[in-house]
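There's a structure below that I have some questions on.
The values are calculated or read from the model by the stated rules, or taken from the named source; none is laboratory data. Here the structure is a predicted model, which is why all the values come from computation and not from measurement. In this analysis, Cβ positions are derived from the backbone assuming ideal geometry, glycine residues included, and neighbour counts consider all displayed protein chains.
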Amino acid sequence: MALVEIKSLKKYYDTPGGILHAVDDVTLNIEKGKTLGVVGESGCGKSTLGKTLIKMTEATSGEVYFDGQEITSMNQRQFKQMRMRMQMVFQDPYASLDPRMSVSALIAEPINTYHLAKNRNELNEMVLSLMDTVGLARRLANVYPHELDGGRRQRIGIARALSLSPEFIVCDEPVSALDVSIQAQILNLLMDLQEEKGLTYIFITHDMSVVKHISDEICVMYLGQVVEKCESKELFKNTLHPYSKALLSAIPVPSIHNKKERILIKGEITSPIDPEPCCRFAQRCQYAKEECFKSEPALKPYKGTGHLVKCHRVEEIN
Ligand code: SF4
């Protein structure tokens, strides 16, 4: 069952040069208790998609249904209770935490905002319990973010997100700023929490090896659009879109005997400002033909399967 249904979601920005299509007609479902990975280069619109679908920024058009209720048209008052059910974990835990607040004050802040604790004792208990849940030692309750390493700071961010008992969390590059060994700890924590609490995630990243580790389904974004979507295993076994193939080829292989050829994407990236009605990857695609510059391909099932791909020539090149 889908917890989140996104229908034709668009987020455009008016710029001096024209209309920037940051998220352009995205339709997706996120199943309850599952993780949808969203991958793509910087600037492909994946973070804007995450923020737009939980109304941190207003959509230009389209609909988002959360547990059956349409939320894009809700005003802030109507949305306030719904907001508790959907939270966000940010990329840079240091930038997203107020450096003047201690760990306990940071975790207590959302609980106070929503008046969830009856008294001071209950608040302290809730904070300590959240610290236990995310693996932060209780002795750190009174220290400040600058005294902690990146992994512990991200644990504070996760504790803040969990403090309102959400069902859905947008994880926006939550491990990109961390060392590799710490990345694994945070990914494992997120997966354990998902299992324990039945959480649903959208996991946004530019790192294919990270997304492989955590996602049930993956969608690949290019210039504001979804170009491929399928189950995680299927994407790594049967990559169809030329852009996804190039992204996957960049994953390092831990063997000197199994050398993988990296596909380098050449050519200029198309402008997301007033884009032409054609394939947005055409300028950089080694398979591009005339038709690719003349019309935009639809995102459609490949050979009747649940594997969706947006490419005119998918059958010829696979
Ligand atoms: Fe390449 Fe054409 Fe497919 Fe676009 S539609 S990805 S240009 S082959």
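If a residue has to be at pLDDT 95 or above and either part of a helix (DSSP H, G or I) or basic (Lys, Arg) (or both) to count, how many in segment 162-185 make the cut?
Matching residues across segment 162-185 total 1.
While we're looking at this one, here's another question. Somewhere in segment 247-265, is a residue within 19 Å of Val26 (Cβ to Cβ), out of contact with any Lys or Arg (no Cβ under 6 Å at 6 or more places or on another chain), away from the ligand (no atom under 11 Å from the Cβ) and not in a strand (DSSP E or B)?
Checked segment 247-265: at least one residue is within 19 Å of Val26 (Cβ to Cβ), out of contact with any Lys or Arg (no Cβ under 6 Å at 6 or more places or on another chain), away from the ligand (no atom under 11 Å from the Cβ) and not in a strand (DSSP E or B).
Filter segment 303-318 down to the residues that are part of a loop (DSSP other than H, G, I, E, B) and over 24 Å from the mean Cα position of the chain (by Cα), then identify the one that is surrounded by the most Cβ atoms within 10 Å (Cβ to Cβ).
Of everything passing the filter in segment 303-318, His312 is surrounded by the most Cβ atoms within 10 Å (Cβ to Cβ).
Could you check how many residues of segment 85-132 are of a type in the set (A, V, I, L, M, F, W, C) and either without any contact (Cβ under 8 Å) to a residue 24 or more places away in the chain or part of a helix (DSSP H, G or I) (or both)?
Matching residues across segment 85-132 total 14.
Condition first: in a strand (DSSP E or B) and at pLDDT below 95. Now tell me which residues in segment 205-231 satisfy that.
Across segment 205-231, the qualifying residue is only Thr205.
For segment 86-106, what are the residues that are surrounded by fewer than 19 Cβ atoms within 10 Å (Cβ to Cβ) and not polar (S, T, N, Q)?
Of everything in segment 86-106, those that are surrounded by fewer than 19 Cβ atoms within 10 Å (Cβ to Cβ) and not polar (S, T, N, Q) turn out to be Asp92, Tyr94, Ala95, Asp98, Pro99, Arg100, Met101, Ala105.
Output the residues belonging to segment 192-204 that are over 15 Å from the mean Cα position of the chain (by Cα) and either without any contact (Cβ under 8 Å) to a residue 60 or more places away in the chain or in a strand (DSSP E or B) (or both).
Scanning segment 192-204 gives Asp192, Glu195, Glu196, Lys197.
Being hydroxyl-bearing (Ser, Thr, Tyr) and under 19 Å from the mean Cα position of the chain (by Cα) is true for just one of Thr27, Thr15, Thr60. Which residue is that?
Every option except Thr27 fails the conditions.
Within segment 277-302, restricting attention to residues that are loosely packed, with under 15 Cβ neighbours inside 10 Å and without any contact (Cβ under 8 Å) to a residue 12 or more places away in the chain, which residue is nearest to the ligand (Cβ to nearest atom)?
Glu290
If the Cβ limit is 9 Å and pairs must be 6+ apart or interchain, which residue in segment 56-83 that is under 23 Å from Asp14 (Cβ atoms) pairs with which residue that is exposed (fewer than 11 other Cβ atoms within 10 Å of the Cβ) and of a type in the set (Asp, Glu)?
Thr72/Glu58
List the number of the failed condition for Gln78; all other conditions in (1) assigned to a helix (DSSP H, G or I); (2) touching an Asp or Glu at 6+ places or on another chain (Cβ under 6 Å) hold.
(2)
Here's another thing I want to ask about it. Please go through segment 227-246 and give me each residue that is hydrophobic (A, V, I, L, M, F, W, C) and within 13 Å of the ligand (Cβ to nearest atom), ordered by number.
Once the filter is applied, which keeps residues that are hydrophobic (A, V, I, L, M, F, W, C) and within 13 Å of the ligand (Cβ to nearest atom), segment 227-246 yields Val227, Leu240, Ala246.
Something else about it: From the list Asp149, Asp192, exactly one residue is of a type in the set (Asp, Glu) and modelled with pLDDT of 95 or more. Which is it?
Asp192
Could I ask something else about it? With respect to Glu234, is the statement that it is part of a helix (DSSP H, G or I) and more than 30 Å from Ile182 (Cβ to Cβ) true?
Criteria not met by Glu234.
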